[in-house]
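Could you have a look at this structure, given as structure tokens, before my questions?
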Amino acid sequence: MRIDKRWPAALLAGASVAAGVVALGLSVRRAPGDAEPPVDDEPALGDVLDAVAEPVLLVEGSAITLANRAAITVMGTQLVGQDVLAAIPHPEAAERLSDLDMGDGGPIELIGLGGAKQRWQMRVNAVGGGRRLIHLIDQTESHAAERMRTDFVANASHELRTPLAAVRGFIETLEEAGDDAEMRGRFLSIMGAEALRMQRLVEDLISLSRIEAEKYRLPSDAVDLGALVDEVHAELVATGDGRGRDIVLALAAVPEVTGDRAQLSQVVHNLVGNAMKYGRPGTPVKIALVREGDEVRLAIVDRGEGIPAKHIPRLTQRFYRVNKGRSRSLGGTGLGLAIVKHIVERHRGRLSIASQVGVGTTVAVTLPMQP
Ligand code: ADP
């Protein structure tokens, strides 16, 4: 049976490819008296399927009669005339496709077609006259996102479990310790430190989820970064272990940037905090602000241990640390740079990290200035 390659343009607005082709079938059975649309205005079915971004095959029996451009890119050029079982060599797909009566079953997951890590959902719909439409939906990215989400939950739970187990252990020991005041004091201070660690982690997790929830909402306030840096500087000098006094400011007069003040304050806190933590005690931590064309560049420079090049691309991943033990002992959560990255992305800015082992690290954020 030949396929009618012309179909009414009005039917092309249909949401799904399968629905469109079913509509094609219906269009042939037009009610008596309906005017025939002018044939020249109707797009060819092949052109319509080529406009679909995902691979689509039309199959008669088990022979491919039509393959769109996306299908050819994924499965090769010689598709038309080929047996569909050879074009999609996958056991579950073969079971569904070799059963000629079975049209509209549930979706089937395919892995490895068009690339080892490529994942697809295959849908098969009967479209009449012994023909079936096979539609592949790319699931690679959504699968990777789902994987990232489950890894994140597993990592976060693991990070919380360690201090929680320590606190529980010390509570049990204290219960058995009797009246030893010195031991009591020591254990309570360790428990306090572990509780603080859990609190920091929970606060960073809350920050991260808030920032992610807002990621498509562009910030709109005009923020004076010079004043903001002065504010953070004053806070760090007043609190902490005296390391705040090593901060050196090199702030040029810069125009205001478009931003979310609280989030930009968090960026400065996290980056200066890292420079103070990982920089050698007593060495300067420089905060520089400069205008570059239509942008403002904030750079934090430390003279610390530096970061080996192979780690740099991964530092903004959640919970990634060069040295886990060191980060933990300094009160790190492993989320600081992930938070910075998300805030900078929301501001349509750029984050860059340059480092030399044994010399120090420069982390810079470039933000668009207020129009
Ligand atoms: P953390 O809470 O562990 O500091 P971050 O996300 O802020 O987490 O940073 C991730 C890792 O990047 C840190 O554990 C550390 O190994 C490395 N790092 C970040 N900033 C610096 C720096 N200024 N100097 C050296 N290493 C750094």
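Compute the Rg to Rh ratio over the range 135-190 from the alpha carbon atoms, using the Kirkwood formula for Rh, and round to two decimal places.
1.46
Pull up the DSSP beta bridges for the chain and report the antiparallel fraction as a percent, rounded to 5.
Given both bridge residues lie in the chain, the antiparallel proportion sits at roughly 90 percent.
Sticking with this structure for a sec: Please identify the DSSP H helices in the chain that span no less than 27 Å along the helix axis (Cα) and have a mean Kyte-Doolittle hydropathy of -0.5 or more.
In the chain, the long hydrophobic H runs are 140-177, 181-213.
Continuing with this model, one more query. At 222 nm, what value in deg cm²/dmol follows for the chain if DSSP H runs of at least 4 each add -39500 (n - 2.57) and the sum is divided by all its residues, to the nearest 500?
-13500 deg cm²/dmol
For the range 242-301, just run the numbers: alpha carbon Rg, then divide by 2.2 N^0.38 Å, N being how many residues it has. Working shown, then result.
On the way: Rg = 12.4 Å, N = 60, 2.2 N^0.38 = 10.4 Å.
That works out to 1.19 for the range 242-301.
Roughly speaking, what is the centre-to-centre gap between the range 180-234 and the range 331-365 when only Cα atoms are used, to the nearest Å?
The range 180-234 and the range 331-365 have Cα centres separated by 16 Å.
Suppose the Debye formula is applied to equal point scatterers at every Cα of the range 97-243; what is log10 I(q)/I(0) at q = 0.09, 0.10, 0.11, 0.13 Å⁻¹?
Log10 of I(q)/I(0), two decimals: -0.67, -0.74, -0.81, -0.91.
Still on this structure: Report the Stokes-Einstein translational diffusion coefficient (µm² s⁻¹, integer) for the chain, Rh taken as the Kirkwood radius over Cα pairs, at 10 °C with viscosity 1.306 mPa s.
61 µm²/s
Read-outs: derived from the displayed coordinates by stated rules, not from any lab. Keep in mind the model is a prediction, meaning the values are calculated, not measured.
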